[in-house]
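**Student:** Please see the structure below; I have some questions.
The values are calculated or read from the model by the stated rules, or taken from the named source; none is laboratory data. Source: prediction; values computed, not measured. Reconstructed Cβ throughout: ideal geometry from the backbone, glycine too, with neighbour counts over all protein chains shown.
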Amino acid sequence: MAQPRRDDRRDREERDSEFVDKLVHINRVAKVVKGGRRFGFAALVVVGDQKGRVGFGHGKAREVPEAIRKATESAKRDMIFVPLRAGRTLHHDVQGRHGAGRVLLRAAKPGTGIIAGGPMRAVFETLGMQDVVAKSLGSANPYNMVRATFDALKHQMHPKDVAAQRNIKYATLQARRGSVAVGAEE
């Protein structure tokens, strides 16, 4: 079996270093056996490049570091791209759900920051979002909250995609958005 070349290893390390990972939750489970208890660990990790790509993963193992490693690899395999307005917030408000977990994500003005709890905050930080207001409306289970957040982010659409679906020009859509904003201020 051939030894991996140094260049290949360095390229893989550089690719991995572009991602930021956050540990969201660790669950310890015990199996009772004849000699006592055997402990296992399950980890939930969120990985992102802070430029609009994010993913989450779940890993199980007998040791915590191994569970985290498995979860991180799983998260890197299943990443999604989320279009951000001005690279800092959402284009529109959106709701997401998974099981009993329900979340509401709202676009925010510059300087608002990330107003979100626990698992959702980890998703937004790794995504690179700077201004967002989020509320968990259902289950407080971290797995369901993360999956509901990802469901909401998958439904996020860029205005160019909306314009293409409606068969109108992007400039027309933006002009309407400006007139709605002016109408709201009056």
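A quick yes/no check of all residues on (1) basic (Lys, Arg); (2) surrounded by 15 or more Cβ atoms within 10 Å (Cβ to Cβ):
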residue: LEU23; (1), (2): no, yes
residue: ASN27; (1), (2): no, no
residue: LYS34; (1), (2): yes, no
residue: PHE41; (1), (2): no, yes
residue: GLY52; (1), (2): no, yes
residue: GLY55; (1), (2): no, yes
residue: ILE68; (1), (2): no, yes
residue: SER74; (1), (2): no, yes
residue: ASP78; (1), (2): no, no
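**Student:** Sticking with this one: Can you name the residue in the range 132-169 that is part of a helix (DSSP H, G or I) and touching a Phe, Trp or Tyr at 6+ places or on another chain (Cβ under 6 Å) and is also surrounded by the fewest Cβ atoms within 10 Å (Cβ to Cβ) among such residues?
**Tutor:** Our first condition is that a residue be part of a helix (DSSP H, G or I); within the range 132-169, this holds for 142-154, 159-166.
Cutting the leftovers down to touching a Phe, Trp or Tyr at 6+ places or on another chain (Cβ under 6 Å) gives us 146, 160, 163.
Working: VAL146: 25, LYS160: 12, ALA163: 16.
So, considering only residues that are part of a helix (DSSP H, G or I) and touching a Phe, Trp or Tyr at 6+ places or on another chain (Cβ under 6 Å), the one surrounded by the fewest Cβ atoms within 10 Å (Cβ to Cβ) is LYS160.
**Student:** MET129: of a type in the set (A, V, I, L, M, F, W, C), touching a helix residue (DSSP H, G or I) at 6+ places or on another chain (Cβ under 9 Å) and not in a loop (DSSP other than H, G, I, E, B), yes or no?
**Tutor:** Numbers: of a type in the set (A, V, I, L, M, F, W, C): yes; touching a helix residue (DSSP H, G or I) at 6+ places or on another chain (Cβ under 9 Å): yes; not in a loop (DSSP other than H, G, I, E, B): no.
Answer is no for this residue.
**Student:** Here is a list: ARG106, ARG97. Which entry is of a type in the set (Lys, Arg), more than 29 Å from ALA42 (Cα to Cα), in contact with a strand residue (DSSP E or B) (Cβ under 8 Å, 6 or more places away or on another chain) and in a strand (DSSP E or B)? Before you say what the answer is, go through the steps one by one.
**Tutor:** Numbers: ARG97 fails: more than 29 Å from ALA42 (Cα to Cα).
Going through ARG106, ARG97 in turn, the sole match is ARG106.
**Student:** Examine the range 106-117 for a residue that is modelled with pLDDT under 90, surrounded by fewer than 21 Cβ atoms within 10 Å (Cβ to Cβ), among the charged types (D, E, K, R) and farther than 21 Å from LYS22 by Cα, and state whether such a residue exists.
**Tutor:** Taking the range 106-117 first, the residues modelled with pLDDT under 90 are 117.
Among the residues that remain, those that are also surrounded by fewer than 21 Cβ atoms within 10 Å (Cβ to Cβ) are: 117.
Cutting the leftovers down to among the charged types (D, E, K, R) gives us none.
So far as the range 106-117 goes, no, none of its residues is modelled with pLDDT under 90, surrounded by fewer than 21 Cβ atoms within 10 Å (Cβ to Cβ), among the charged types (D, E, K, R) and farther than 21 Å from LYS22 by Cα.
**Student:** Before we move on, is GLY96 in contact with a helix residue (DSSP H, G or I) (Cβ under 6 Å, 6 or more places away or on another chain), modelled with pLDDT of 90 or more and either of a type in the set (Gly, Ala, Ser) or surrounded by fewer than 18 Cβ atoms within 10 Å (Cβ to Cβ) (or both)?
**Tutor:** Numbers: in contact with a helix residue (DSSP H, G or I) (Cβ under 6 Å, 6 or more places away or on another chain): yes; modelled with pLDDT of 90 or more: yes; either of a type in the set (Gly, Ala, Ser) or surrounded by fewer than 18 Cβ atoms within 10 Å (Cβ to Cβ) (or both): yes.
The answer is yes for GLY96.
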